[in-house]
1. Using every alpha carbon pair in the protein assembly as shown, what percent of pairs falls into each 20 Å bin from 0 up to the bin containing the largest distance?
2. How much of the pair distance distribution for region B:11-140 lies past 18 Å, counting alpha-carbon pairs only, in percent?
3. What helices in chain B pass both tests, a Cα length along the helix axis of 18 Å or more and a mean Kyte hydropathy of -0.5 or higher, using whole DSSP H runs?
4. Roughly how many nanometres apart are two label points built 7 Å out from the Cα toward the Cβ at residue B:33 and residue B:114?
5. Compute the length gained on full extension between residue A:33 and residue A:6: take 0.36 nm times their separation in residues and subtract their Cα-Cα distance, giving the result in nm to one decimal.
6. Any idea which of A:46, B:58, A:35 is furthest toward the positive side of the dipole for the protein assembly as shown, if Lys and Arg beta-carbons carry +1 and Asp and Glu beta-carbons -1?
7. Between beta-carbons, use under 12 Å as the cut-off and find the net charge around residue B:220, counting Lys and Arg +1, Asp and Glu -1.
8. Using the eigenvalues of the Cα gyration tensor, what equivalent ellipsoid semi-axes result for region B:81-132 when each is taken as the square root of five times the eigenvalue, whole Å, largest first?
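The values are calculated or read from the model by the stated rules, or taken from the named source; none is laboratory data. In this text the structure is predicted, and so the values were computed from the model without any measurement. Ideal geometry is used to build each Cβ from the backbone, glycine not excepted, and the neighbour counts take in all protein chains shown. For accessibility, only protein heavy atoms count, side chains too; no ligands or nucleic acids. Shrake-Rupley method; radii C 1.70, N 1.55, O 1.52, S 1.80 Å.
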Amino acid sequence: MNVSSVLRRGLATLISAFAGARVATAAGDSEPELPEQAIYYANHSSHLDFLTIWAALPGELRRRTRPVAAKDYWGSGVRRVFADQIFNAYLVDRHGSSGTRQRTSDSGVSPKGQVEGMAEVLTAGDSLIIFPEGTRGDGETIARFHGGLYKLAQLHPEVPVVPVTLANLGRILPKGEVIPVPHLSTVIFCEPLYLAPDEERQAFLARARQVLVDCLAEHQGPQPTDASEADERVSPPRSQARQDDL
Amino acid sequence: MSGWELGLLDSSSLKLLGGVVLVLVLATAIARLLGRRLGATSTVTNLKQRINAWWLMVALLGAVLAAGETVTIVLFLLLSLLALREFITISPTGRGDHKALVWLVFIIPAVHYWFVWEHWYGMFSVFIPVYAFLFLPARNALAGQTAGFLQRTATIQWALMVCVYALSHAPALLQLPIAMELGRDAAEGSAPGAGGATGAQLLLFLLIVVQGSDVLQYVWGKTLGKHPIAPSVSPNKTWEGFIGGVLSATALGAALWWVTPFTPFMAALLAFISCVMGFAGGLVMSAIKRDRGIKDFGSLIPGHGGIMDRLDSLCFAAPVFFHTVRFFYT
């Protein structure tokens, strides 16, 4: 028990309290049984997402879990210190060159080679938290998955792929906002998936995405009465070309 | 009166708290007995959880009153914020409301409770119903989303009125004794804590009567309840529970007249009004929960649900109790 582990535990408690995060399984159990090693993937609507999953994990699993985070946001200054020292994040370069800081970009493009790096994390025995949508969404719809999840499952078929549904976090800190507003959120750990031997890429990604879609529909808070947002939901804006790497 | 005092607590308040502790000891013993006889059924487990939570809540209340008015007001500010968080979680707000929600959560409650702490009645009684009421929709209109505007704005306003404005009248009772003794002008801007032990007695009287009424309505309803008052809102609220609970809690209030500045008759009348208002609060919150398709507002208090599930009756009773006392006694 050293200072940083106490600090980590304190921070995890703080994050969970602020996000009002209730941890549950899809069946409604409040204490999920999680595998020793896993690829956690979740829907993405807020910068708080990986913090909240990280905080929701039991201490012994948290130590060996590396959130995958964007280098353009977490790669410099104070955030870098947090990402490295506290969360042990695995930083990926979404935009090709590390110098660009395009925080408002809608695309989650990434250069080739990132997945191999993540696979090495798994080889070393650690778990990963990834967001296969590649970028933050509006909190109500889940965008198409990028291919990285499939490749990781292919490279490490023995590691369970655990779907994590995050409800209401997008309302705490929506895209484009700076100050988080407390809401009660829910972190739901669903049943692990495994890649079937002959499963196609698109089939696996669609299956993985559908777990989150169904679970979110069940646990989502009230839908906004806002008609314009409802319109956006039908055709999510995806302006730039993307590679199916991350 | 003896000279013992600790913060806002004097010997009368201590007797009140002692009475509550006795009831809790009795309840704990009964729950243990039931547990031994019936085994760990879900009702018994829930009952034990509820009683344990009561122990904590009573200990917390005693501690903050002993620490003084400032700490008590900070506690109620925190309760307001927790209630607000539960309320906006179930409200149909959208992304366009975020800027208004920042004001709603981080600025307005703190300013409001600051006015309560300053004993500035003229300001804390109008700040939210006038200034915040007009400011929030304007801020929201600037954000530019018009769809569902009235509904979203009204929901935000309602959350603020119930969770912050209404609830803050409970700690505002602490300053009423100054107006009762020295007049309303002298009370305006008086020092925090100047209400002394009488303020704490008023607050304890209200809390014991309202929460006691909740418990008694539950007990009467469980034992004799047959005819639901509003079956589409809550099948658990029956005429038998309502009448039995309100009457017995009114009797409880009358029996506590000696700790208040009231006559036995006025204590009974004020208790009766508070219980009826408390019932109304529970009914309204049940209607909201039914509409949103949830059973509880949250899970912060084990056995009880969320903060709002415990404070719903107090939110409706506190402002009316405050103004009735202020009207008749100052």
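1. Computed distribution, short to long bins: 19, 46, 29, 7, 0.
2. Of all Cα-Cα distances in region B:11-140, 69 percent exceed 18 Å.
3. Details: long enough: B:11-38 (39 Å, 1.40); B:42-67 (37 Å, 0.91); B:69-89 (30 Å, 1.76); B:196-224 (41 Å, 1.05); B:239-255 (24 Å, 1.11); B:264-292 (42 Å, 1.16); B:307-329 (31 Å, 0.82).
Helices meeting the criterion: B:11-38, B:42-67, B:69-89, B:196-224, B:239-255, B:264-292, B:307-329.
4. Roughly 5.3 nm, to one decimal.
5. Numbers: separation 27, 0.36 × 27 = 9.72 nm, distance 2.35 nm.
Here the answer is 7.4 nm.
6. Projecting each Cα onto the dipole axis, the largest value belongs to B:58.
7. On the way: positive: B:222, B:226, B:237; negative: B:214, B:240.
So the surrounding residues net to +1.
8. Working: eigenvalues 113, 25, 16 Å².
Output for region B:81-132: semi-axes of 24, 11, 9 Å.
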